[in-house]
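Data first, discussion second: the structure below is written as structure tokens.
The values are calculated or read from the model by the stated rules, or taken from the named source; none is laboratory data. What you see is a predicted model; the values in this text were computed from it and never measured. Cβ atoms come from the backbone with ideal geometry, glycine included; neighbour counts cover every protein chain shown. Only protein heavy atoms, including side chains, enter the accessible area calculation; ligands, DNA and RNA are left aside. Shrake-Rupley method; radii C 1.70, N 1.55, O 1.52, S 1.80 Å.
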Amino acid sequence: MSDGDGSRADDTEAGEAPVPDGTTRGPPADDTATDRTGRATATISEAATAPDDTSPASESPATGDDRTRTEPLQPSDIDVAELTGPERSLEPAVRLVWILRAAVSALVLGTVVGAVAAVFDLPLWAGPAVFALLFVLGAGRAHLRYESWSYRVRTDSLFLDRGVLTQVRTVVPYVRIQHVDASRGPVERAFGLATVVVYTAGSRGADVTIPGLTPERADDLQERLKRLAIAAEGEDAV
Amino acid sequence: MRLSALSIPYGAVITAARLGWLLVIVSFGSARVPGAGPLVAVAVVAGALALAGAYQFARWRRFEYRLTEDTLDIDSGVFSRRSREIPLRRVQNVDTSRNAVQRALGIAAVTVETAGGSDVEADFRYVSEAEAERLRAEIGRLKRDRGREDGSAGAAEAGATAADEPVEEPLFAMSTRELLLLGLVSVDLRLLSLFSAIVPIAAPSLAREAVDPLFSLAIAAPLLAGIVVTVSVLASAAFSVTNYYGFRLSRASDELRYERGLLNRYTGTVPLSKVQSVVLSENVLARRLGYAALTVETAGYAPGDSGAESAVPLTRRDRAVELAREVEPFGEVEFERPPSRARTRYLIRYAIVGLLLTAIAYGIDRFTGLSFAWYGVAALVALAPVAAHLKWRNLGFAVLENHVVLRSGFWSRETTVVPYYRVQTVIEGQTLFQRRRDLATVVVDTAGSRGLTGGDPKALDIEADRATELRETIADRLQASLGGHQAERRRTRRSELLAGGDD
């Protein structure tokens, strides 16, 4: 099962990742960095999902493997450039989760309106009409939301850009990361998705949520953020 | 160590008093029962006291605390036991409070706050005044020792003497004049303005009915408003006088200490190394008079805690700024204002609100029996440009060498100084309407407690490009300041050590 998912994750990895030229903070050799990142990603996720399974197909350099097993992790051991990456978008499947959510709330409201219409002798199509309208709006929003979502693991901060009506861009410096959760709700599980939540000590800490990742990507992102946070090695976060 | 033995009877009486209503019911009920007289009531009261006393005794027996070199250990709990270890390095604030009764008994409640959790981490109810003072001093001393050279035995030994207590340098003492002004200024203006807006609208319609008995209402309405104003002024004056009577702020090496209160006496410490941001707030009245309040935010307090008001309640503006610099040494501030198209935005927004209100007023006048001068509400639309300008004028932000300063608010203007090394996340937001005008908002999130109440420090409606730039600048300066800040802290520690050796 992890094989299929893994290959899909790899596909997206290879499919997208257009490195914007002349990004403000990227290292000069951006293309090669991306290349390495792609592979490093695979390495870590493999190590995370099946630590004892040494798959022959692994094209990872031996050093990377060693590093995942060293304990405890020293900040000096971590190669930050290897962990950073280009701008990434979410998995397209996340739209289905959002559409489903929109459908549920549209159904609830549609039922309420329908019931009211039935009681007060209003036209009976009001309920379905409300449902249809809300559903279409919700589906459209889900699509736009997906289009607007992107995140980037930068050298010293995580950058998120999302939002349809209100566009929100968040910078989360790695020094400030308290802990990172990877979670999978029942609906997400049904669609083979996972969510990463990054906590800071700030009053808006729980705001930093990246939904719509494959479990592999989520695990990988969690691992990467953990390492980057260790590498940043802040004083007390508060 | 144990709590003060006096906390047993005191706690018992407090608990019994809380159950007072129950006792009243029981004793009244017993009076109805034949054969039972006041004796039963007395027995019930005595029983309740005894029960509360037994519980308080058990609580006192179970509560044990110990200050070690680097932790504060507390064992407590009657029914479910808890033992807690608080690393002293993580302690944010130590506060004591004593109400009138507690002062007469010579006991005090001490609370110790760390950043995690919403509750107070250690709640000592109650210890003797001397013990409260000792706890505060010891925690401060041990923290300083920890902070210096971690693990360096020499420093710990040298600091073990009581003479290590650093010299307290008074920063601010509140004068009677300031105290009285505070009472006047801290009246909630929004409430007042609401009232004064209603009165002229309601008055003409009432006056038209001059022959009616309603005429008396026309006189009553302004009178009522007048009374409300007077009462609220008096109440807030009384509140500020009792709360801030004898306010003193002093600095002892790396801590701020405050002391305040008439009936309830509060004292506490705020470690300067844990300060998240400094907020200068001036409401409309205070601004007119050239006064301002200063709040020092740490991560420890829950919003609305008494400690959150621990800085300067009111003083002359220049003095407040000076004190703020004492806490966070920031340079000259030159505010950048949002572009004037932001003002247009507010104008349109307020005009729409005004029109809506007018429409509602018209609706009420037209469709309900209540008739009044609905067109009076239309005056609000005319006020929109003024309101928009005032809002715009009070906005601003400044990027300084080590701090970012953000200002907003007309009714209560708040100027927040955030050091870059305290920034948690930076959020740039752009609503649909902002995008139309190419504006954006940058929110600077810290671990301070104020964020929970909704008042995040932010640069509202600035140029979109400038917002992106600001976002990255703050993030970059945070990175740059991290190394520098650590080095600086090591330096100050060393110089402090040397200064301590000279004495």
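Brief remarks follow.
Residues checked against (1) loosely packed, with under 14 Cβ neighbours inside 10 Å; (2) farther than 27 Å from residue B:185 by Cα; (3) modelled with pLDDT under 90; (4) not assigned by TED's automatic domain parsing to the domain that holds residue B:416:
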residue	(1), (2), (3), (4)
B:291	no, no, no, no
B:296	no, no, yes, no
B:309	no, no, yes, no
B:313	no, no, yes, no
B:319	no, no, no, no
B:326	no, no, yes, no
B:347	no, yes, no, yes
B:355	no, yes, no, yes
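- Within segment B:461-479, residues that are within 11 Å of chain A (Cβ to nearest Cβ) have Cβ atoms under 7 Å from residues that are charged (D, E, K, R) in these pairs: B:464/B:438; B:467/B:428; B:468/B:428; B:471/A:169; B:471/B:428; B:479/A:156, counting only partners at least 6 apart in sequence or on another chain.
The rows are residues; the columns are (1) hydroxyl-bearing (Ser, Thr, Tyr); (2) without any contact (Cβ under 8 Å) to a residue 40 or more places away in the chain.
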site: B:255; (1), (2): no, no
site: B:258; (1), (2): yes, no
site: B:262; (1), (2): no, yes
site: B:265; (1), (2): no, no
site: B:270; (1), (2): no, no
site: B:275; (1), (2): no, no
site: B:279; (1), (2): no, no
site: B:283; (1), (2): no, no
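- Note on segment B:32-103: enclosed strands (runs of 3 or more DSSP E) holding 3 or more residues that are surrounded by 12 or more Cβ atoms within 10 Å (Cβ to Cβ), away from chain A (no Cβ under 14 Å) and in contact (Cβ under 8 Å) with a residue 60 or more places away in the chain are B:64-67, B:91-98.
- Unique match (being among the aliphatic types (A, V, I, L, M) and within 30 Å of residue A:201 (Cα to Cα)) among B:406, B:370: B:406
- Residue that is farthest from the other protein chains (Cβ to nearest Cβ) [pool: residues in segment A:162-209 that are assigned to a strand (DSSP E or B), touching a residue at least 40 places away in the same chain (Cβ under 8 Å) and surrounded by fewer than 23 Cβ atoms within 10 Å (Cβ to Cβ)]: A:182
- Lone qualifier among B:140, B:154, B:159 - being at pLDDT 80 or above and outside the structural domain of residue B:298 (by TED's automatic domain parsing): B:140
- In segment B:369-388, the residues that are open to solvent by 70 Å² or more (accessible area, probe 1.4 Å) and more than 30 Å from residue B:408 (Cα to Cα): B:369, B:370, B:374, B:375
- No other residue among B:36, B:58, B:31 is among the aliphatic types (A, V, I, L, M) and at pLDDT 80 or above apart from B:58.
- Lone unmet requirement of (1) more than 30 Å from residue B:142 (Cα to Cα); (2) at pLDDT 90 or above for residue B:79: (2)
- Some residue of segment B:273-281 being open to solvent by 30 Å² or more (accessible area, probe 1.4 Å), part of a helix (DSSP H, G or I) and at pLDDT below 85: yes
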